[in-house]
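The values are calculated or read from the model by the stated rules, or taken from the named source; none is laboratory data. Because the structure is predicted, anything quoted here is derived from the model rather than measured. A quick note on method: Cβ atoms are made from the backbone with ideal geometry, for glycine too, and the neighbour counts reach across all protein chains shown.
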Amino acid sequence: MASAIEGKEGYRIMASFNRVILVGNLTRDPELRYIPSGTAVSDIGLAVNDRIKRNDQWVEEPVFVDITLWGRTAEIANEYLSKGSPVLIEGRLKLDRWEKDGQKHSKLKVIGERLQMLGAREGGRAGGRGGSSSGGDSSPYDDSEQYMPAGGPPPSDDIPF
């Protein structure tokens, strides 16, 4: 149950929590670039399957999510992941807003703060070929060397668009 905090003028403010955990497969190879400060930024697409019941049958419906990784996590994703690679991403939602040709646009995406590569280990850029972690009993939350924290939030003056 969410707790409320008494705000200005007696309004009740609900506490908020912005956290997402996604497990899925990359829809494309990571796109690595560097902003003027030298910080690495990588954009990836993730397909997450959702099982829903339609006409008395269970079907898988993919949900496509755009994710931005920063710092060393972005470089690692570019080096070791490719289209089809299974990954766990932990991060937060961010709404981007912009105006183009007088028309306002917005897009909800995920800022990836942690990345865990899933699947068998093979040489670089081979993460997509393995089906699941070897051993079967490994948790997606263990602090193995594959569980990479992002380099923190991007500098406020280095917006990549």
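Numerical summary
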item	result
Members of the stretch 38-62 that are of a type in the set (D, E, K, R), loosely packed, with under 10 Cβ neighbours inside 10 Å and over 15 Å from Leu22 (Cα atoms)	Lys53, Arg54, Asp56, Glu60
Residue satisfying condition, being of a type in the set (Lys, Arg) and touching a Phe, Trp or Tyr at 6+ places or on another chain (Cβ under 9 Å), within set Lys104, Lys100	Lys104
Flag for Gly84 being at positive phi, assigned to a loop (DSSP other than H, G, I, E, B) and modelled with pLDDT of 70 or more	yes
Which listed residue is polar (S, T, N, Q) and more than 21 Å from Ala77 (Cα to Cα), from Asn25, Asn55	Asn55
Close pairs from the stretch 72-101: first more than 29 Å from Phe17 (Cβ to Cβ), partner charged (D, E, K, R) and at pLDDT 95 or above, Cβ under 8 Å, at least 6 apart	Ser82/Asp29; Lys83/Arg28; Lys83/Asp29
Some residue of the stretch 128-148 being more than 18 Å from Val48 (Cα to Cα), at pLDDT 60 or above, surrounded by 12 or more Cβ atoms within 10 Å (Cβ to Cβ) and not aromatic (Phe, Trp, Tyr)	no
Long-range neighbours under 6 Å by Cβ, at least six apart or interchain, first residue in contact (Cβ under 8 Å) with a residue 24 or more places away in the chain and at negative phi within the stretch 33-61, second of a type in the set (S, T, N, Q) and assigned to a strand (DSSP E or B)	Asp43/Thr68
Only one of Glu113, Glu99 that is acidic (Asp, Glu), in a strand (DSSP E or B) and crowded, with 19+ Cβ neighbours inside 10 Å	Glu113
The lone exception for Asp29 - which of (1) among the acidic types (Asp, Glu); (2) at pLDDT 95 or above; (3) outside any loop (DSSP other than H, G, I, E, B) it fails	(3)
Within the stretch 39-61, considering residues that are at pLDDT 95 or above and either farther than 17 Å from Ile111 by Cβ or assigned to a loop (DSSP other than H, G, I, E, B) (or both), the one nearest to the chain's Cα centre (by Cα)	Ala47
